[in-house]
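Working notes, structure below.
The values are calculated or read from the model by the stated rules, or taken from the named source; none is laboratory data. Just so we're clear, the structure is a prediction, and the values are computed from it rather than from any experiment. For neighbour counting, all protein chains shown are included, and Cβ atoms are generated from backbone atoms with ideal geometry for every residue, glycine included.
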Amino acid sequence: MSPDSLGQRIKGRRQEIGLSLRELAGKTDLTASFLSQVERDQTNPSIDSLRRIAEALQVSILYFLSEHAQPKELALAPTPVALQYEPVVRSTARPKLILPVSGVAYELLVPDLGRKMEAFAGRLAPGTGNVARRLRVPTEEFIYVLAGVLCVGIGNAEHVLHPGDSIYFEGVTLHKLECASVDQDAVWISVITPPVF
């Protein structure tokens, strides 16, 4: 387990503010055993669960979305702090979230999370997949495949998408994303509204 893994960042922040696993569970409506598995990188939280964890730990979700934990300035202040808006997101400065159990990697493509939609790039290696969990809010999502082959499970159907293919669906119907390529990563862009990060 990397000292800078998602689980270690969550555990470090939890300990920094003096919360036990049970207290964090109570604030997030997640179980202490699930949170313990997340902290040990044995399971991945859904994006919705990660949002709840971030809120309970009083940090922006961006605190967890990079190769290195974000500076403490991103901690949520009692009153919002105005930040200068920058519309460009450079390819070398995208916040990243890597979920080690499923192998899915996300890169945020929008400059902030306070808008009406969010966009991110996803990547799965051959033989890996991500079981989607139901979100707390209804969403609409668009996926456009850039490389490789992506299997998208929607409702009772599975759709195999190749580069240039796209799919639009209600978020509640998504149950699976899986790399269907034999020797190439599946890479896609996803746009979601309303934001769930």
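Listing for the model above:
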item	result
Region 129-140, subset buried (at least 18 other Cβ atoms within 10 Å of the Cβ) and closer than 24 Å to Pro163 by Cβ, residue modelled with the lowest pLDDT	Ala132
Filter result for Ala186 (farther than 30 Å from Ala54 by Cα and at pLDDT 95 or above)	no
Residue count, region 168-189 (criterion: under 26 Å from Leu113 (Cα atoms) and either surrounded by 17 or more Cβ atoms within 10 Å (Cβ to Cβ) or outside the structural domain of Lys116 (by TED's automatic domain parsing) (or both))	7
Criterion: at pLDDT 90 or above, crowded, with 18+ Cβ neighbours inside 10 Å and more than 11 Å from the chain's Cα centre (by Cα) - qualifying residue of Glu23, Glu39	Glu39
Index of the failed condition, Gly155 passing every other in (1) surrounded by fewer than 18 Cβ atoms within 10 Å (Cβ to Cβ); (2) touching a helix residue (DSSP H, G or I) at 6+ places or on another chain (Cβ under 8 Å); (3) under 19 Å from Leu50 (Cα atoms)	(3)
Selection count where residues are over 22 Å from Ala105 (Cβ atoms), part of a helix (DSSP H, G or I) and of a type in the set (D, E, K, R), scope region 9-62	6
Odd one out for Ile143 among (1) part of a strand (DSSP E or B); (2) farther than 21 Å from Leu109 by Cα; (3) modelled with pLDDT of 90 or more	(2)
Region 95-125 - residue that is assigned to a loop (DSSP other than H, G, I, E, B) and surrounded by 18 or more Cβ atoms within 10 Å (Cβ to Cβ) and, of those, modelled with the lowest pLDDT	Gly103
